[in-house]
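See below for the structure under consideration.
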Amino acid sequence: MDLRFTPDEIAFRDEVRAFFRSALPDSIRAKMVDGRHLAKADIVAWQRILNQKGWAVPGWPVEWGGTGWTPVQRYIYDEEMQQAPAPQPLAFGVSMVGPVIIAFGNEAQKKRYLPRIANIDDWWCQGFSEPGSGSDLASLKTKAERVGDHYVVNGQKTWTTLAQHADMIFCLVRTDATVKKQEGISFLLIDMKTPGITVRPIVTIDGGAEVNEVFFDDVKVPVENRIGEEGKGWDYAKFLLGNERSGIARVGVSKQRIRRLKELAALEPAGGRRMIDDRRFREKIAAVEIELKALEMTQLRVVSAERSQGRAKTPDPASSILKLKGSEIQQSISELLMEVVGPYALPFQPEIDGRNEPTIGPDYAGPLAPTYFNWRKISIYGGSNEIQKNIISKAILGL
Ligand SMILES: Cc1cc2nc3c(=O)[nH]c(=O)nc-3n(C[C@H](O)[C@H](O)[C@H](O)COP(=O)(O)OP(=O)(O)OC[C@H]3O[C@@H](n4cnc5c(N)ncnc54)[C@H](O)[C@@H]3O)c2cc1C
């Protein structure tokens, strides 16, 4: 197994790095470095820049706008984007529903939705989880009854990320309650403007509004909006969730956050010296860097295996290890970033446009505690870390 990049791959990395350096708007880069919230307009603007370059949907087949890159090139692209640091293209469209439509949708669905996903003309959100159906997703209750040429949907989804911006939601719904629970589920694409849909925000601990409840009351959905066969939605969902976890290690994000940690530690005083000169603090940084190096090697082993097989056919169960370790490392870094500013992490200073009170402490301290609290989510979404351990014990250790 060769974990080194070839000369061509290094040239590719330089090209990608130069593009991100020149094309990413400064205002977006600054928000990413500080850990401030991005507006919808930021995410849309950046994805359209990528799409114009032909790089918004690199993993898709070439006929639908993909780049035809190897798994190693894809890895390099993701890592460079995270280190830029630039926002990822909207995952709900590009890495979740897009690949499902490509693999299981019909031609009309592909033509209608895929170009709009690539250019983020439609903002998609994910309607899987329900109150009481998260880890045990197959127990979901949102009901879709067939009436002629449409379904009537009733029920509730929850934790629906950025549904407040969404034009479309992809949903798992129960179309048959009489069969085994996994067999009675279908996969529907639903226009968020359909009468009967209500979006209610859930305010998170950092004061943010990124998750929502979504209610469906007699929502009429044309049968042509169903993906694949009725009752096969669970198969499509498993495919989607495997893809969701593969990109979740976020090694590039952690590298960038460690760079930021060192920058801030060099600014912050600690007992007559700087935090970065404090040996115990440096040891904490080194410990997390070692974990990150090990994660990077694990990820490269997965990518290298894909390189030798050509393309990745199905998601590797090792994606569960990447998710588990990646989330633990990101959370440790967010904790150190808060520690670096000490008491200045304590005041609650949510981002308020036009705030006329001065910030307490340095400007860069404001977003650190909210990010720390917000990032507790990383070990929950995309399948909680306990569930990843169950997958590892069965699929990798054979227990
Ligand atoms: C910020 C955020 C954004 C999200 N965005 C979306 C979204 O856009 N769309 C969407 O559909 N969903 C979304 N989710 C939902 C997410 O997928 C679920 O929260 C997750 O699957 C866990 O489900 P739950 O919250 O119902 O917890 P539960 O399943 O009730 O789990 C509670 C606890 O029990 C543990 N547990 C459960 N079952 C087992 C088991 N068998 N073995 C061991 N431990 C177990 C879990 O690990 C957890 O610690 C989001 C969640 C968060 C936090």
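The values are calculated or read from the model by the stated rules, or taken from the named source; none is laboratory data. Quick caveat: nothing in here was measured; it's all calculated off a predicted structure. Quick reminder, even Gly has a Cβ in these numbers, built from the backbone with ideal geometry, and neighbours come from all protein chains shown.
Among the residues of region 91-107, are any in contact with a Phe, Trp or Tyr (Cβ under 9 Å, 6 or more places away or on another chain) and acidic (Asp, Glu)?
Looking through region 91-107, none of the residues is in contact with a Phe, Trp or Tyr (Cβ under 9 Å, 6 or more places away or on another chain) and acidic (Asp, Glu).
If Gly59 meets every condition in (1) surrounded by fewer than 16 Cβ atoms within 10 Å (Cβ to Cβ); (2) of a type outside the set (A, V, I, L, M); (3) touching a Pro at 6+ places or on another chain (Cβ under 8 Å) apart from one, which number is that one?
So Gly59 meets the others, but not (1).
Restricting the first residue to region 1-25 and requiring it to be farther than 15 Å from Pro87 by Cα and assigned to a loop (DSSP other than H, G, I, E, B), which pairs with a second residue that is modelled with pLDDT under 95 and among the polar types (S, T, N, Q) meet a Cβ separation below 7 Å and a spacing of at least six or different chains?
Taking only residues 6 or more apart or on different chains, the pairs are Met1/Ser304; Asp2/Ser304; Leu3/Ser304.
Before we move on, is Ile329 modelled with pLDDT of 95 or more and either of a type outside the set (D, E, K, R) or within 27 Å of the chain's Cα centre (by Cα) (or both)? Write out each step before concluding.
Details: modelled with pLDDT of 95 or more: yes; either of a type outside the set (D, E, K, R) or within 27 Å of the chain's Cα centre (by Cα) (or both): yes.
In short, yes.
Taking the residues in region 118-129 that are more than 16 Å from the ligand (Cβ to nearest atom) and crowded, with 22+ Cβ neighbours inside 10 Å as candidates, determine which candidate is farthest from Val199 (Cα to Cα).
Checked region 118-129; the qualifying residue farthest from Val199 (Cα to Cα) is Ala118.
Taking region 47-68, which residues are touching a helix residue (DSSP H, G or I) at 6+ places or on another chain (Cβ under 6 Å) and outside any loop (DSSP other than H, G, I, E, B)?
Answer for region 47-68, where residues must be touching a helix residue (DSSP H, G or I) at 6+ places or on another chain (Cβ under 6 Å) and outside any loop (DSSP other than H, G, I, E, B): Ile49, Asn51, Trp64.
With respect to Gly98, determine if the residue is away from the ligand (no atom under 16 Å from the Cβ), surrounded by 19 or more Cβ atoms within 10 Å (Cβ to Cβ) and in contact (Cβ under 8 Å) with a residue 24 or more places away in the chain.
So Gly98 fails the test.
One residue is enough: does region 162-185 have a residue meeting the conditions surrounded by 15 or more Cβ atoms within 10 Å (Cβ to Cβ), over 26 Å from Gly98 (Cβ atoms) and β-branched (Val, Ile, Thr)?
No, there is no match, as no residue in region 162-185 is surrounded by 15 or more Cβ atoms within 10 Å (Cβ to Cβ), over 26 Å from Gly98 (Cβ atoms) and β-branched (Val, Ile, Thr).
Would you point out which residue out of Arg146, Arg74, Arg112 is surrounded by fewer than 22 Cβ atoms within 10 Å (Cβ to Cβ), modelled with pLDDT under 95 and either more than 20 Å from the chain's Cα centre (by Cα) or of a type outside the set (A, V, I, L, M, F, W, C) (or both)?
Values: Arg146 fails: modelled with pLDDT under 95; Arg112 fails: modelled with pLDDT under 95.
The conditions single out Arg74.
Are there any pairs, at least 6 apart or on different chains, whose C-beta atoms fall under 7 Å, with the first in region 200-216 and closer than 12 Å to Thr371 by Cβ and the second more than 13 Å from the ligand (Cβ to nearest atom), and if so, which?
Filtered contacts from region 200-216: Asp206/Pro370; Gly207/Pro350; Gly207/Pro370; Gly208/His37.
Could you grab me the full set of residues in region 194-211 that are surrounded by 13 or more Cβ atoms within 10 Å (Cβ to Cβ) and within 26 Å of His150 (Cα to Cα)?
If the condition is that a residue be surrounded by 13 or more Cβ atoms within 10 Å (Cβ to Cβ) and within 26 Å of His150 (Cα to Cα), then Thr194, Gly196, Ile197, Val199, Arg200 are the ones that fit.
Quick check, is Arg301 assigned to a helix (DSSP H, G or I) and modelled with pLDDT of 95 or more?
Criteria not met by Arg301.
Take residues that are under 30 Å from Asn385 (Cα atoms) and either within 13 Å of the ligand (Cβ to nearest atom) or among the hydrophobic types (A, V, I, L, M, F, W, C) (or both) and tell me which of the strands (runs of 3 or more DSSP E) falling wholly in region 130-227 contain 2 or more.
Filter on region 130-227 gives 150-157, 168-174, 185-191, 197-202, 211-222.
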